[in-house]
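Worksheet for the structure shown next.
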Amino acid sequence: MKFIHAADIHLDSPLEGLERYEGAPVDLIRGATRRALENLVALAVRERVDFVVIAGDLYDGDWRDFNTGMFFIRQMHKLCEAGIRLYLIAGNHDAANNMTRKLRLPVNPGGDTVMLSHEQPETRRLEDLGVAIHGRSFANQAEKQNMVPDYPTPISHWFNLGILHTSLIGSDDGHDTYAPCTPTDLRSKGYDYWALGHIHKRSLLPADGSPLVPPPILYSGNIQGRNIREPGARGCFLVTVDQRQQMEIEFRPLDVFRWEVCVVSCAGCSTSEEILDRFRDSLRSLLAKHDRLPLGVRVRLEGPTAAHQRLTSQRTAITAEIRTIATIVSDGLAWVEQVRIATHEPIAKGAPDLGEGPLAELERYFDELPRNEQAITQLTDELKDLAKKLPTELMLPPDGLQLDNPDWIREIVRELKPMLMDRFRATP
């Protein structure tokens with residue numbers, strides 16, 4: 001048999017202020033989640049899968065009208081008309097949406113409903129395949145209890161698949177904690193596959209590189225990246241199961257617009273023109289890597305360079321040059337979302353060795369801080385208190401402070417280091 005595991009469609013997700021950026025491909029990005037959903041349906045039909053499971057967050061909060069829901073229903077009807085069964089659970093965004101409950105979803109070819117119950121976990125039996133699908137929808141937006149213990153017992157000698165919209169306890173992913181559980185909880189159920197949703201980064205657990213322990217526990221991630229914090233290819237898993245229940249799991253991209261960070265090392269460059277040449281090469285590599293798919297790019301210039309002062313003093317002009325180069329090199333396929341300048345002056349010959357002094361200790365601290373999960377977590381907690389005291393407009397996207405986002409804080413620490421070290425070195 002063959003099935004697709006997808007999650008976090010977030011249909012018609014808002015742009016988070018993206019239209020403020022001059023030249024942003026607003027229309028392309030606004031329709032990207034719809035095109036990605038169409039790609040999901042086309043893949044299912046092309047691969048002749050037996051069923052599709054979507055592990056929550058079909059929508060993205062409240063809609064202005066029913067067009068979002070009607071588009072989703074039309075796509076799901078195409079699956080059912082192709083004889084492909086569909087099983088959905090509602091996630092936190094779906095439960096928060098008042099219109100969701102009013103929609104009339106399609107019925108599977110066998111006559112059963114596509115949405116699993118929000119009252120308690122239930123099992124759908126696919127007798128012809130020997131497959132049992134277990135899952136439960138969110139009844140409320142903030143489901144704070146571990147749902148796993150209530151999931152049904154697996155059916156012996158069948159392929160048992162669990163669908164769950166969840167946060168894993170102890171994960172640092174920037175998402176709100178809903179239906180928390182642990183990998184041990186999931187394995188204890190004795191299922192053959194766990195299809196998870198809610199975390200937008202694709203992953204196979206455990207994600208720390210330790211040996212895999214059956215069953216596969218996977219986050220498929222969202223099907224379309226929505227901002228620079230969701231970089232790289234986005235899509236679904238295509239799973240093929242043979243008669244011995246051995247699985248082949250393939251990632252299949254579905255996105256139509258992709259986000260990436262283009263890091264340009266400026267080490268050894270003496271002029272801004274050399275740095276711009278390096279950006280050209282880096283961008284060409286990114287375009288080739290993503291098969292010339294339209295890209296939203298954040299450019300990060302870093303490292304020691306004699307051009308540091310020009311970069312920082314003429315930031316606006318450098319940014320404009322980078323955007324122009326991106327348009328020309330990519331034939332309009334790449335759009336520069338933002339340029340971050342994290343360069344610093346080279347240490348002059350004959351400059352005193354930092355040795356073991358306070359500056360050396362400070363530099364080591366800045367180098368280690370982004371990699372120190374405990375320190376970043378502590379810093380994030382402290383900054384959350386600061387955020388409560390700051391004006392709301394300082395937090396607004398696209399460039400607002402994200403004092404509760406560990407990844408954002410890491411980026412700021414990396415940018416802060418060269419600025420501070422330059423200041424300290426220049427101090428008599």
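Rounded to the nearest 0.05, what FRET efficiency is calculated for Met247 and Asp27 with R0 set to 45 Å and r the Cβ-Cβ distance?
E between Met247 and Asp27, to the nearest 0.05, is 0.70.
Order 268-274, 367-373 from most to least packed using the mean count of other Cβ atoms within 10 Å.
In decreasing order of mean packing, 268-274, 367-373 become 268-274, 367-373.
Averaging sequence separations of C-alpha pairs under 8 Å and six or more residues apart, then dividing by the length of the stretch 2-253, give the relative contact order as a whole percent.
20
With axes computed from alpha carbons, what is the tilt in degrees of helix 272-289 against the longest principal axis of the chain, rounded to the nearest 10 within 0 to 90?
It works out to around 10 degrees.
For Ala267 and Ala82, compute 0.36 nm times the residue count separating them, minus their Cα-Cα distance, and round to one decimal in nm.
Here the segment from Ala267 to Ala82 would lengthen by 61.0 nm.
Considering only the other residues whose Cβ falls under 13 Å of the Cβ of Leu403, what net charge follows from Lys and Arg at +1 and Asp and Glu at -1?
Local charge sum for Leu403: -2.
Using θ = phi - 60° and the Karplus form 6.51 cos²θ - 1.76 cosθ + 1.60, what ³J(HN,Hα) does each residue of the stretch 43-57 get, whole Hz, x for Gly and Pro?
Calculated HN-Hα couplings, in order: 5, 4, 5, 5, 7, 6, 5, 7, 7, 10, 10, 10, 8, x, 6 Hz.
Whose amide H sits under 5 Å from the amide H of His344, counting only residues 5 or more places off or on another chain, with H placed in the peptide plane?
Gly303, Thr305
For the stretch 272-389, what does the relative contact order come out to in percent, with C-alpha contacts under 8 Å and a separation of six or more?
29
Identify which of the listed values of percent of Cα pairs over 36 Å apart was calculated from the structure shown: (1) 39; (2) 35; (3) 24.
It is the value labelled (2).
From the backbone phi of the stretch 253-269, what are the Karplus-calculated ³J(HN,Hα) couplings (6.51 cos²θ - 1.76 cosθ + 1.60, θ = phi - 60°) in whole Hz, Gly and Pro given as x?
x, 10, 5, 10, 9, 10, 10, 8, 9, 9, 8, 10, 7, 9, 4, x, 7
Give the order of His290, His200 when sorted by the count of other beta carbons within 10 angstrom, beginning with the fewest.
Going from least to most buried by this count: His290, His200.
Please work out the Kirkwood hydrodynamic radius for the stretch 2-253, using every pair of different C-alpha atoms, and report it in angstroms with one decimal place.
So the Kirkwood estimate lands at 18.3 Å.
Given the stretch 2-253, what percent of its DSSP beta bridges are antiparallel, to the nearest 5?
Counting DSSP beta bridges with both partners in the stretch 2-253, the antiparallel share is about 45 percent.
I'd like the antiparallel share, as a percent to the nearest 5, of DSSP beta bridges with both residues in the chain.
35
Springs between alpha-carbon pairs under 10 angstrom, Gaussian network model over the chain: which of His198, His118, His157 fluctuates most?
The residue that fluctuates most here is His157.
To the nearest 0.05, what FRET efficiency results for Gln309 and Ser188 with a Förster distance of 56 Å applied to their C-beta separation?
The computed FRET efficiency comes out at 0.40.
Roughly speaking, what is the stretch gain from Glu373 to Asn146, that is 0.36 nm per residue apart minus the C-alpha to C-alpha distance, in nm to one decimal?
79.2 nm
Given a cut-off of under 8 Å on Cα pairs at least six residues apart, what relative contact order in percent is computed for the chain?
RCO, the chain: 13 percent.
For a test of understanding, tell me how many lysine pairs in the chain have Cα atoms under 25 Å apart, given they are 8 or more places apart or on different chains.
Pairs that pass both the separation and distance tests number 14.
Ranked by Cβ crowding within 10 angstrom, fewest neighbours first, how are Thr113, Thr166 ordered?
Placing the least packed residue first, the sequence is Thr113, Thr166.
Subtract the Cα-Cα distance of Ile155 and Thr316 from 0.36 nm times their separation in residues, and report this length gain in nm to one decimal.
Full extension from Ile155 to Thr316 adds 51.7 nm.
Explain nothing, just compute: Karplus ³J(HN,Hα) = 6.51 cos²θ - 1.76 cosθ + 1.60, θ = phi - 60°, for every residue of the stretch 179-191 in order, whole Hz, x for Gly and Pro.
These are the phi-based 3J(HN,Hα) values: 6, x, 7, 10, x, 4, 4, 5, 5, 5, 6, x, 7 Hz.
Where a number appears in this text, it was derived from the coordinates with a stated rule and is not lab data. Computed from a predicted model, the values in this text were never measured in an experiment. Quick reminder, even Gly has a Cβ in these numbers, built from the backbone with ideal geometry, and neighbours come from all protein chains shown.
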